[in-house]
Amino acid sequence: MIGENVGFVRAVRVAGPGRELLPTLEPVDLVIENGVIADIAPTGNLKPTGLVLDGEGGWLLPGLWDHHVHVLQWALSADRVPLSEVASAHDAATIMALAPEIDGRRVGSGFRDGLWPDTPTLRMLDATTGEVPTYLINADVHSVWMNSAAFRREGFKPVASGLLREEDAFEISRRLNAVEPRIADRSVERMASAAAARGIVGLVDLDMTWNDEPWQRRVARGFDTLRISYGTYPQHLDRAIAEGLRTGDSVRGAAHDLVRVGPLKAITDGSLGTRTAACAHHYPGEIDNHGLLTIAPDELVEMMTRATAAGLECAIHAIGDIANAHALDAYALTGAVGTIEHAQLVAHSDIPRFARLGVAASVQPEHALDDRDMTDAIWAEQSAQPYPLRALADSGANLRFGSDAPVAPLDPWAAMASAVFRTRDGRDAWQPHERVGIETAIAASTAGGSTAPAEITPGALADLVVVGADPFAADERGLRSMPVRATLLAGRVTHGA
């Protein structure tokens, strides 16, 4: 049934937004016409039309979204050496010495050095990897550890640590991602199919490149698996304005409207793992290190003003509490519409400002658990709230969940489980006061977010997912392993059935 249009969905029970509109949680049938839900009624009361999808008593939710993905980088990570479980710099260097070469390079990704017992150095990596250019990309993508051969290949001056950070690291990632278009697009198609298999119907692509061109190309080649909203970075803002790109417009030359222009994406500080997130208090043992602002506040205001005037929404990366405060100030001064991406450490006085300013909090619940030990160690002296979810939700802020893949796997059920239970692997819940309910988590995983979720109601888009268990009754492991039976994009089957 993949690629076919469904006209009738039989015997499903509605879970998530829209279920409160129904008189009972008993199975219902849906009629779908022209990609839209035309009618809903208790099973047996509507006449089947067109292709029938039998839900067999499964649970129906609005199609899910991931609001923060680096699409090509995530797609390519499948061919890179995984380093997420590596416990030391020595072990990482040893693993990379045995890694396969691709295009004359060894590339690994996903390491987290914040709690390693030893320190990465150029000499250490050279000793194991020799003359083969070798690259280890941090899980947060804000640093890259390279050997001397890689420094020579890229034309960068070697540093004793072997680590490039922030913009230099981003440049290396851009170069590593610059694969032949046919290979890139094939990887993206595989990624999209895998996303649909987890119930995803759409995502926000924030790859650090000029995204307009590859998405025009992919649509021309037939991409139609997901809805895409793609970002533009500051170095391309002039070009985006000159070419008339406006948030919400369909990508140029498209035969359908699945792929659209998204926001201006600006990175205003670093990250926790790289110890460059801009914070009020210094990092342990580094009295002069409060992180860094990569965009000055007045420059951010000017940039957001120009983007807003040109019809572009904004997505502002802010991790530390100082960066979040400046980002909120910029929204207040410019009247821009958009999100703060990450919001990992927020001053208590700034939490209510999200709702007051209408700024959505685009957050990644899995990061809280990936970083819990680093947070407890590196941010122990910070006075702001780390990884606020419940506090933001209670203040009326619109939560939009995502993965930041490849920083965390592209799986909305993992994000929901982390948000609802704040634990995995049998550990006690971390900062349990910041847990949210499953209804909020589901809503935050839909297109509109927690305060404006997609609903299952007549007239709504038939972007739907049928799962094999009741999310409201699932425990933490049950959410993470949620069986997805079918995914529909405007009534067209993209997975299962």
Checklist outcome for this item: With +1 on the Cβ of every Lys and Arg and -1 on the Cβ of every Asp and Glu, the dipole magnitude of the range 285-395 about its Cα centre, in debye rounded to the nearest 20, is 520
Next on the checklist: Please report Rg (one decimal) and Dmax (integer) in Å for the Cα set of the range 191-290.
Outcome noted: 17.7, 56
Item to check | Exposure of Thr457 as accessible area (Å², to 10), given a probe of 1.4 Å and all protein chains | outcome: 40
Item to check | Paramagnetic reach from Arg306 (point 7 Å along Cα→Cβ, amide N under 12 Å) across the range 247-266 | outcome: none
Next on the checklist: Report the per residue volume, in Å³, of the convex hull enclosing the C-alpha atoms of the chain.
Outcome noted: 142
Checklist entry - What Rg and what Dmax come out for the range 248-293 when only alpha-carbon atoms are used, in angstroms? => result 19.0, 56
Next on the checklist: Can you tell me the length gained on complete extension of the stretch His256 to Arg153, counting 0.36 nm per residue apart and subtracting the Cα distance?
Outcome noted: 32.9 nm
Checklist outcome for this item: Yeah, the range 355-450 with a ≥ b ≥ c from its alpha-carbon gyration tensor (a/c under 1.5 is rounded, else prolate when a/b outruns b/c, oblate otherwise) is oblate
Checklist outcome for this item: antiparallel share of DSSP beta bridges within the range 121-243, to nearest 5, in %, is 60
Checklist entry - Counting each DSSP H run of 4 or more residues in the chain as -39500 (n - 2.57), what helix-only mean residue ellipticity at 222 nm follows after dividing by all residues, to the nearest 500 deg cm²/dmol? => result -8000 deg cm²/dmol
Item to check | Surface accessible to a 1.4 Å probe, His433 within the full protein complex, Å² | outcome: 110
Item to check | Distance-filtered residues of the range 304-326 - backbone nitrogen under 19 Å, label point 7 angstrom along Ala280 Cα→Cβ | outcome: 318-326
Checklist entry - Which value, in debye to the nearest 20, gives the size of the charge dipole of the chain about its Cα centre, when Lys and Arg are +1 and Asp and Glu are -1 at the Cβ? => result 880
Checklist entry - What order do Arg217, Arg106 take when sorted by accessible area (1.4 Å probe), most exposed first? => result Arg217, Arg106
Item to check | Largest-first ordering by accessible area, 1.4 Å probe, given options Ser445, Ser250, Ser229 | outcome: Ser250, Ser229, Ser445
Item to check | Antiparallel bridges, percent of DSSP beta bridges restricted to the chain (to nearest 5) | outcome: 45
Checklist entry - Magnitude of the Cβ-charge dipole of the range 361-497, K/R +1 and D/E -1, about the Cα centre, nearest 20 debye? => result 400
Next on the checklist: For the range 282-318 and the range 433-478, what is the centre-to-centre distance using only Cα atoms, to the nearest Å?
Outcome noted: 32
Item to check | Probe 1.4 Å - accessible area at Met208, Å² to nearest ten | outcome: 20
Item to check | Calculated FRET value between Asp288 and Ala87, using beta carbons and R₀ = 35 Å, to 0.05 | outcome: 0.75
Checklist entry - Based on the Kirkwood radius over alpha-carbon pairs, what value in µm²/s does the Stokes-Einstein equation return for the translational diffusion coefficient of the range 1-118 at 10 °C and 1.306 mPa s? => result 85
Next on the checklist: 5 Å is the cut-off here: which amide hydrogens, built 1.01 Å from N in the peptide plane, fall below it relative to Ile32, excluding neighbours closer than 5 in sequence?
Outcome noted: Phe8, Val9, Ala38
Next on the checklist: Could you tell me what a quarter of the Cα convex hull surface of the range 241-330 works out to, in nm² with one decimal place?
Outcome noted: 7.1
Item to check | Amide H contacts of Ile267 (H built 1.01 Å from N, under 5 Å, at least 5 apart or other chain) | outcome: His317
Item to check | Whole-number accessible area per residue in Å² for the chain, which is evaluated in the context of all protein chains at 1.4 Å | outcome: 38
Next on the checklist: Can you give the Rg/Rh ratio of the range 72-188, where Rg is from the C-alpha atoms and Rh is the Kirkwood radius?
Outcome noted: 0.94
Item to check | Orientation-averaged projected area, Cα convex hull of the range 326-369 (nm²) | outcome: 3.1
Item to check | Among beta bridges that DSSP assigns inside the range 268-380, antiparallel share in %, nearest 5 | outcome: 20
Checklist entry - Just from the alpha-carbon atoms, what are the Rg and Dmax of the range 118-251 in angstroms? => result 18.0, 51
Next on the checklist: From the convex hull of the Cα coordinates of the range 438-496, what is the mean projected area in square nanometres?
Outcome noted: 4.3
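The values are calculated or read from the model by the stated rules, or taken from the named source; none is laboratory data. Note that the coordinates shown come from a computational prediction; the quantities given were computed from them, not determined experimentally. Here the Cβ is made from the backbone with ideal geometry for all residues, glycine too, and neighbour counts use every protein chain on show. Quick note on the areas: whole protein, heavy atoms, side chains included, nothing else; ligands and nucleic acids left out. Shrake-Rupley method; radii C 1.70, N 1.55, O 1.52, S 1.80 Å.
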